[in-house]
Amino acid sequence: MDGATITQAEAESALLGRASAGDRPAFGELVRLHQARVRMQLRRLTKGDIALADDLAQEAFVQAWRHIAGFRGSARFSTWLYRIAYHQFLMHQRSHPVQQALPDTWDIAASEVDNVLRLDIEEAVRRLPEMERIAIVHCFQMDLSHEEAAAVLGLPLGTLKSHVARGKARLRTWLAAWQAGEQI
């Protein structure tokens, strides 16, 4: 690697520095880099309500812009954004306690899995108690480490691990017919 080549982390760090100083185009580039994953997180949390997820993502980025100067760098920027997005989701839930209708499908990355199994997995994940579902979404579908997911959700690490373990156990039980030698 020569001196002119910079890593993605270095480029993001430079954008963060500029955005913290009030550079809107730099923040716009950060949004462009992270919006797909934030929207995916919120779509999964809202059980596939695309319009709501997009509204919450927009509000999360507005909040991130307002508080960018407070980003200390103690976690990855994406983890900080996921935490803000999760907070927006919780605020929406508190102000709209009516249970939302479940969509027909829920976007799960399952390119190698046949359609019937994918639908069974989608239904099983939807049936999980809320905190188990949210923990599973962040650890497995958002591909966050347990530590990162605990930070996003504002949970002690042990509590997050308990939610994940209980959720996985329920999924194993509910999907036992599909477990032809493979662990979920």
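The values are calculated or read from the model by the stated rules, or taken from the named source; none is laboratory data. The shown structure was predicted, so the numbers you read here are calculated from the model rather than taken from an experiment. Don't worry about glycine lacking a Cβ; one is built from the backbone with ideal geometry, like all the others, and counts go over all protein chains shown. All accessible areas refer to the heavy atoms of the entire protein, side chains included, with ligands and DNA or RNA removed. Shrake-Rupley method; radii C 1.70, N 1.55, O 1.52, S 1.80 Å.
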Total formal charge among the other residues, if their Cβ is under 9 angstrom from that of residue 129, Lys/Arg +1 and Asp/Glu -1: +2
Take residue 157 and residue 90, extend 7 Å from each Cα along the Cα→Cβ direction, and tell me the distance between the two endpoints in nm. 2.0
Residues of the range 12-38 with amide N under 18 Å of the 7 Å Cα→Cβ point at residue 63: 31, 34-38
Pop the C-beta distance of residue 120 and residue 24 into the FRET formula with R0 = 41 Å and round what comes out to the nearest 0.05. 0.35
Between residue 55 and residue 32, 0.36 nm times their residue separation minus their Cα-Cα distance comes to what? 6.7 nm
State the extension gain, in nm to one decimal, for the chain segment bounded by residue 75 and residue 177, taking 0.36 nm per residue of separation less the distance between their alpha-carbons. 32.7 nm
Arranged from highest to lowest average of other beta-carbon atoms within 10 Å per residue, in what order do the peptides 148-161, 59-72 appear? 148-161, 59-72
Of the heavy-atom accessible surface of the range 1-48 (probe 1.4 angstrom), what whole percent is carbon and sulfur? 53
When you count, for each residue, the other Cβ atoms within 10 Å and take the mean per peptide, how do 123-129, 41-47, 86-92 rank with the highest first? 41-47, 86-92, 123-129
